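Here the structure comes first, spelled out in C-alpha cells, and everything after it is commentary.
The values are calculated or read from the model by the stated rules, or taken from the named source; none is laboratory data. Remember, it's a predicted structure, so these values are computed and weren't measured experimentally. Positions of Cβ are backbone-derived with ideal geometry, glycine not excepted, and every protein chain shown enters the neighbour counts. The area values use the complete protein model at the heavy-atom level, side chains included, leaving out ligands, DNA and RNA. Shrake-Rupley method; radii C 1.70, N 1.55, O 1.52, S 1.80 Å.
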2 protein chains.
Amino acid sequence: MSGEFDRVARLRAIFAGAHRGVILGIGDDAAILAGDVLATGAVLSTDAAIEDVHFRRAWIGQGVTWRDVAYRAAAAALSDLAAMGAEPRAMLTSWAFPRDVGDDVVDEIARGFRDAADVYGAPVIGGNLARAREIGLTTTVIGAAPARAPRRDGAQAGDVLWATGALGEAALGLAALEAGIAREPDAAAFVSRFVRPPSRIDAGRAAAQSAHAMIDVSDGLLQDLGHLCDASGVGARLDALAPTREADALARRLGVDARALLESGGDDYELLITAAPGVDLSRIAHPIGEITREPGIVGATTARTGFDHFG
Amino acid sequence: MSGEFDRVARLRAIFAGAHRGVILGIGDDAAILAGDVLATGAVLSTDAAIEDVHFRRAWIGQGVTWRDVAYRAAAAALSDLAAMGAEPRAMLTSWAFPRDVGDDVVDEIARGFRDAADVYGAPVIGGNLARAREIGLTTTVIGAAPARAPRRDGAQAGDVLWATGALGEAALGLAALEAGIAREPDAAAFVSRFVRPPSRIDAGRAAAQSAHAMIDVSDGLLQDLGHLCDASGVGARLDALAPTREADALARRLGVDARALLESGGDDYELLITAAPGVDLSRIAHPIGEITREPGIVGATTARTGFDHFG
C-alpha cells in the first residue's frame, strides 16, 4: 500500500466535492460543519464492520465487491440516523488494514463509502488510517435531529407496529453468500439486499412526526423489537408473518427456515415503528402487529434470538 | 466477558451523569446533542488506538494500566480539537475486543475514557462493541468551533513558531516503557507524560484568536511541522532546541538520542502555533523558531522522520 500521506491524498480525491454545510473537510486536524446545519441538534452514532465478524474476504469475487462491503458498513451506521428520524449530514470513518491490503482494495472501499455518501447525502468529512491484523471499518455518522426524535422507549399499549421493507431477506442473502451460490439468479437479489441495504432515511423522517417509538432492525426482528418493548415497558403481538414465495423457495434450497430468518435474521436495516391506531403509515411501511400491555412477544413461531457479539 | 446487553448496561453506568447539551446519551439508536451547543459549528475528528500498533498488552502492570491506555486513546483523539481551537462537547467510541478480554479490562477501559471525558469536558455519548482478533479503540470527538478556527494552511513567512509543553518527552517515556524501566523514579514522569498526555484545549482556544496556523504534534515535530509548512507553502527555521537535563540523562541511560526524540518523537499531543511577530503567546507556549519564505525546515540536527502507518 502507498505511504500514509500519498494514501490520504488519494482518498481526498475520491471523497472530493462540495457539500452543503461542510466548511472544512478531510485534510486538517478536524473537519468543520457549518453551525446552521446542526441548529436543530446533532444526532450521532458509531458502528464497526470487522473482517470475519461482519464480512469475509472470501466473499470477494463471489458476487460481492469491496465496494459493496464498504457500502454496507456505511449504510449500517447510517441506519441508526434513520431510526431517529434524522437527516444525515456527514460521516467520519476510521480504517484499519493489514499490510497485505493493496491500494486497489482501499480505493474500492473508499468508492463504496462515496456511494453511500451520495445515496444518503452524508459526505465523508474525516477519517483515520491505521495498521491492524484484520480489516476494520469504523464509521461515525452525524445527522440533524428532527423536531421530535422518536426513541425506543415511547411505545404504548394499543399502538400499531409497522415495519418497512421485507424482513429476513438480508439474512437469506447472507446464507446464499455463505453457501457459495450468490451469483445464481434466484439468489442474487437477496445477496444484493444484504450487501446494499436500502436507505430508510426518508421513511424515518416521515415516521418521526407521528411515531411513538422507532428502532432499526439490525440484529433481527425479535431481538430489536424486544429492545423496544423492554425500553418502553410493553409487549407485542405479531401478526402471522410470511416470507415471499421466492424467499421460501431459496430458503428450502439452502436448507434454512425462511420464517425463522424473518423473525431473527440480522442485517435488515429496516425500521420498526409504533404509532397510535389512527395513524396511517402505509405509504412507507406495513403493519406487522400490535403493542400490548403484557410484556413479552407473542405470535412468533421461533424463539427470540439474534446476534450477540459477546454471547 | 458479559453478554452484549449486560455489557452495555455496565458501560452506561460508568458513563452516566448529566452533561450540559446532551439531550440523549447511550442507549438508543443514536445520541442527540442540543442544537445550541453546536450553534457555532461542529468540529469533528476520529482516531484509532490499536493493539500492537499504538499500545501493547505487555505494558499492563509495567507502570501502565488499561485505564491509562484508554485515557491516552481518548486524549489523542481530543488533541485534534485542541489543534482547531475548538471546545470539546462529546465523544463516541467503538471498541473491538478478542474473546479473552474480560469484564474487568473493559470496565477499566471505560473508566479511562470517563477520566478523559471529565478532564476534557467531553462526555461519552455513544459507542459500539464488536469482536475482533486484537483490541481496537476508535474514538470520534465532537467540538464547538471557535469564531475563527486556525487551520494548518495559514502560516506566513515571518511568523513566530510556538510550541506548548515539552516535545519529545512522550517518546522518551515510551522508550522507558519498552525497556521495562517504567516504574523507576527517573522514568516514571516521562511514562506518565506518554500515557496521560496533557490537555491543550485551553491553549488551543486561547491561541485560536491570534494564530495564523495551528497543528498538534502526534507524529513528531519535524513531520507535523512539515505538514503545516507544506500546507501553507512556507518553510521554517528552528532555534537550537535542547532537551532538559533529566530527559538527557534518561536518554543516555536508554541509549537513545534525546535531541532526535525532541525533533521526531511521536505522541506529544502538544500544539505548534504560528502567529505574527507582535503576538505574545508566552502564557501558553514558548517560541521555537520562525516561519520562512523558503520551503524546507532548517536548524534541525536530525533528518525529518516520524511515524508512517503505511511506509
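Among the residues of the range B:64-87, at least one is open to solvent by 20 Å² or more (accessible area, probe 1.4 Å), of a type in the set (D, E, K, R) and in contact with a Leu (Cβ under 8 Å, 6 or more places away or on another chain). Do the conditions hold for A:A157, that is, is it touching a Lys or Arg at 6+ places or on another chain (Cβ under 8 Å), hydrophobic (A, V, I, L, M, F, W, C) and more than 14 Å from every other protein chain (Cβ to nearest Cβ)? So A:A157 passes the test.
With respect to A:R252, is the statement that it is at pLDDT 95 or above, open to solvent by 50 Å² or more (accessible area, probe 1.4 Å) and under 24 Å from A:R196 (Cα atoms) true? So that I can check it myself, show each step before the final result.
Numbers: at pLDDT 95 or above: yes; open to solvent by 50 Å² or more (accessible area, probe 1.4 Å): yes; under 24 Å from A:R196 (Cα atoms): yes.
So A:R252 passes the test.
Only one of the numbered conditions (1) out of contact with any Pro (no Cβ under 9 Å at 6 or more places or on another chain); (2) part of a loop (DSSP other than H, G, I, E, B) is not met by B:A211, and that is (1). All conditions in (1) within 25 Å of A:P146 (Cβ to Cβ); (2) surrounded by fewer than 22 Cβ atoms within 10 Å (Cβ to Cβ) hold for A:A236, with the sole exception of (2).
Total residues in the range B:63-83 satisfying the condition of being of a type in the set (D, E, K, R), under 12 Å from the mean Cα position of the chain (by Cα) and more than 17 Å from B:V217 (Cβ to Cβ): the figure is 0.
Within the range B:220-233, the set of residues being open to solvent by 10 Å² or more (accessible area, probe 1.4 Å), in a helix (DSSP H, G or I) and of a type outside the set (A, V, I, L, M) comprises B:Q223, B:H227, B:D230, B:S232.
Search the range A:278-293 for residues being of a type outside the set (G, A, S) and part of a loop (DSSP other than H, G, I, E, B), and hand back the single one that is surrounded by the fewest Cβ atoms within 10 Å (Cβ to Cβ).
Just the residues of the range A:278-293 that are of a type outside the set (G, A, S), to begin with: A:279-281, A:283-284, A:286-288, A:290-293.
After this cut, where a residue has to be part of a loop (DSSP other than H, G, I, E, B) as well, the list is A:279-281, A:283-284, A:293.
Details: A:V279: 17, A:D280: 12, A:L281: 21, A:R283: 8, A:I284: 18, A:R293: 10.
For the range A:278-293, the residue satisfying everything is A:R283.
For the range B:247-280, a residue qualifies if it is under 21 Å from the mean Cα position of the chain (by Cα) and under 16 Å from B:P150 (Cβ atoms), and the qualifying residues are B:E270, B:L271, B:L272, B:I273, B:T274.
Restricted to the range B:173-219, and to residues there that are among the polar types (S, T, N, Q) and within 19 Å of B:A77 (Cα to Cα), the residue that is surrounded by the most Cβ atoms within 10 Å (Cβ to Cβ) is B:S218. Taking the listed residues A:A132, A:A170, A:A116, A:A90, the one that is buried (at least 23 other Cβ atoms within 10 Å of the Cβ), within 22 Å of the chain's Cα centre (by Cα), within 14 Å of chain B (Cβ to nearest Cβ) and small (G, A, S) is A:A90, with no other qualifying.
Please pick out the residue among A:L129, A:L225, A:L161 that is of a type in the set (A, V, I, L, M) and closer than 19 Å to A:A76 by Cα. Please lay out each step first, then the result.
On the way: A:L129 fails: closer than 19 Å to A:A76 by Cα; A:L161 fails: closer than 19 Å to A:A76 by Cα.
Checking each option against the conditions leaves just A:L225.
All conditions in (1) in contact with a strand residue (DSSP E or B) (Cβ under 8 Å, 6 or more places away or on another chain); (2) more than 14 Å from chain B (Cβ to nearest Cβ) hold for A:R111, with the sole exception of (1).
Scanning the range A:191-227 for residues that are closer than 26 Å to B:A130 by Cβ and either more than 17 Å from the chain's Cα centre (by Cα) or without any contact (Cβ under 8 Å) to a residue 12 or more places away in the chain (or both) turns up A:A213, A:G226.
In the range B:146-164, is there at least one residue being under 29 Å from B:D52 (Cβ atoms), in contact (Cβ under 8 Å) with a residue 40 or more places away in the chain and not in a loop (DSSP other than H, G, I, E, B)? The answer is no; no qualifying residue exists.
Of all residues in the range A:234-262, how many are free of Cβ contacts under 8 Å to residues at least 12 places away in the same chain and either on the phi > 0 side of the Ramachandran plot or in a loop (DSSP other than H, G, I, E, B) (or both)?
Going residue by residue through the range A:234-262, those that are free of Cβ contacts under 8 Å to residues at least 12 places away in the same chain are A:245, A:248, A:252, A:255.
Now drop any that are not either on the phi > 0 side of the Ramachandran plot or in a loop (DSSP other than H, G, I, E, B) (or both), which leaves A:255.
Number of matching residues: 1.
Scanning the range A:51-60 for residues that are more than 12 Å from chain B (Cβ to nearest Cβ) and either of a type in the set (S, T, N, Q) or open to solvent by 40 Å² or more (accessible area, probe 1.4 Å) (or both) yields A:R56, A:R57, A:A58, A:I60.
If a residue has to be at pLDDT 90 or above and open to solvent by less than 10 Å² (accessible area, probe 1.4 Å) to count, how many in the range A:137-149 make the cut?
Let us first name the residues in the range A:137-149 that are at pLDDT 90 or above, namely A:137-141.
Keeping just the survivors that are open to solvent by less than 10 Å² (accessible area, probe 1.4 Å) gives A:137, A:139-141.
The total comes to 4.
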